[in-house]
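The values are calculated or read from the model by the stated rules, or taken from the named source; none is laboratory data. Keep in mind that what you see is a predicted model, and the values were worked out from it rather than measured. Glycine also receives a Cβ, built like all others from the backbone with ideal geometry; neighbour counts cover every protein chain displayed. SASA here: full protein model, heavy atoms, side chains in, ligands and nucleic acids out. Shrake-Rupley method; radii C 1.70, N 1.55, O 1.52, S 1.80 Å.
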Amino acid sequence: KGFITGVGNNVICDRELVSKFNMIIDDIAERNYNIKLGVVATGDIFCTEVAMKDKIRAKFDADAVDMECGAIAQVCYLDNIPFIVIRSVSDTPNGKNTSTFEENLELASKRCATILKEIL
């Protein structure tokens, strides 16, 4: 667990893209976005249980869990393609989720698009 073939234990986003993101973060945050720079752990499970969330947080110091970013980061790293991960989180494994992916899809997509446009 934690090892990425051909890469190691983690992949760091492109420093230049992160720097650009940091330059626009205050302006974006003023739009009622809750923005956090952090670690995204990628795995092959839907993380729905608090105990699993806590385990992943403790082992990897992860701020979020998904099922896609690790593979994308791995390919970019191995092919020397600069990348940055932008996630819009719509739920949390706390047993009290009242929102669903479908309910948040449009807002999440718009926010990610806004951030990406600002970076580019």
- Quick one: if you stick a label point 7 Å off each Cα along the C-beta vector at A71 and L107, how many nm between them? 2.8
- Query: Over the heavy atoms of M52, what accessible area does a 1.4 Å probe trace out, to the nearest 10 Å²?
  - Reply: 70
- Query: From the list (i) 20, 19, 15; (ii) 22, 22, 12; (iii) 27, 14, 13, can you say which value of semi-axes √(5λ) of the Cα gyration tensor in Å was derived from the structure given?
  - Reply: (ii)
- Message: Can you give me the % of accessible surface on the chain that is carbon or sulfur? Probe 1.4 Å, all protein chains present, nothing else counted.
- Response: 53
- Query: So how much slack lies between D14 and I119, counting 0.36 nm per residue of separation and subtracting their Cα-Cα distance, in nm?
  - Reply: 36.6 nm
- Query: What number, rounded to the nearest 500 deg cm²/dmol, is the helix-based mean residue ellipticity at 222 nm of the chain, given -39500 (n - 2.57) per DSSP H run of at least four residues and division by all its residues?
  - Reply: -14500 deg cm²/dmol
- Query: So for D61, D27, D66, what's the accessible-area order with a 1.4 Å probe, most first?
  - Reply: D61, D27, D66
- Roughly how many Å² is the accessible area per residue of the chain, as a whole number, for a 1.4 Å probe? 74
- Message: With the cut-off at 1.5 for a/c, could you classify the stretch 1-69 from its C-alpha gyration tensor as rounded, prolate or oblate?
- Response: oblate
- Work out how much length D63 to Y33 would gain on full extension: take 0.36 nm times their residue separation and subtract the Cα-Cα distance, in nm to one decimal. 9.2 nm
